[in-house]
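Chemist: Can you keep this structure in mind? I'll have questions shortly.
Derivation of every value follows stated rules applied to the coordinates shown; laboratory data play no part. Here the structure is a predicted model, which is why all the values come from computation and not from measurement. So basically every Cβ, Gly included, is an ideal-geometry build from the backbone, and we count neighbours across all protein chains shown.
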Amino acid sequence: MSHSDTVPLHASSQSDIDEIENLIHASVQSGPATVLPARPPSPPRASIPVSSSPFMTSNIQPPPPSTNQKPPTVPVPPPLPASSGNDHSNIASSGFGSPPNTLTEPVWDTVKRDLSRIVSNLKLVVFPNPFREDPGKSLRDWDLWGPFFFIVFLGLTLSWSASVKKSEVFAVAFALLAAGAVILTLNVLLLGGQIIFFQSLSLLGYCLFPLDVGALICMLKDNVIVKIVVVCVTLAWSSWAAYPFISSAVNPRRKALALYPVFLMYVSVGFLIIAID
């Protein structure tokens, strides 16, 4: 581009350039400008060592061990008791722990377990002791096999002793025990105790065993005097056998009220044994 091709500046732009040049010349003529003192250098900072290991080794020495300080004692847990099959069955029967799996065990094992429970509960009836340590254990470990056998045996014995209406006598024996279980359950609950229907049925059925023996004797000996004596003895035996179970279900001050309907039911069974000819 030649000089003749230059475009002249605008008047305002030219005045701005002249003003800038005047300021430059004025600053040069006034002398060198004052220079501010430099800022003092900052103190050196401690360098942080970078290690490739994720854990840094400490240079602090551990304190020397004291001779008077005793090492901390670690509590040792008590040893677990040796578990056996009997302990497991006792825990399951008392309501604590997982019950044994009876679906996969052999039938003979189930029968033996039920028979052993019937025998153990029957011993408490044959040899009643109201002062034993846990009189309510058998009431908690209730079952219906023993009461079923004893009520069937009583019904069969009374029906064999009856000359007429044998089936009705058999049905009355069952109805009497069922009604007694309902009355006993309601009576204990009204007295503030804790019992369920099946526990009442189990209790009355097991304590019916002495009357079963009395019914068998009365069937063999057809004598009114013998029947009265045998029934009175077996009636007292059954009531005394039921006393520990009832006493564990109610308040000690209400034992007599709880035992009263049981005694009436056994009296009804005794009259049934004497009246059948």
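Chemist: What is the distance, in nm, between label points placed 7 Å from the Cα along the Cα-to-Cβ direction at L23 and at V107?
Modeler: With each label placed 7 Å out from Cα toward Cβ, I get 11.8 nm.
Chemist: Can you put S238, S163, S202 in order, fewest other beta carbons within 10 Å first?
Modeler: S163, S202, S238
Chemist: Tell me, what is the Rg over Rh of segment 180-238, with Rh the Kirkwood radius over Cα pairs?
Modeler: Ratio of gyration radius to Kirkwood radius for segment 180-238: 1.15.
Chemist: Which value results for Rg/Rh of segment 137-275 when Rg is the Cα radius of gyration and Rh the Kirkwood radius based on the inverse mean 1/r?
Modeler: Here Rg/Rh amounts to 0.98.
Chemist: Here is a follow-up. In nanometres, what is the gap between the two model label sites at R253 and A236, each 7 Å from Cα along Cα-to-Cβ?
Modeler: 3.0 nm
Chemist: In addition: Mind scanning K123/K227; K165/K227; K166/K255; K123/K255; K227/K255; K123/K221 and naming the pairs with a C-alpha gap bigger than 32 Å?
Modeler: K166/K255
Chemist: State the extension gain, in nm to one decimal, for the chain segment bounded by F174 and D222, taking 0.36 nm per residue of separation less the distance between their alpha-carbons.
Modeler: Stretched fully, the F174-D222 segment lengthens by 14.9 nm.
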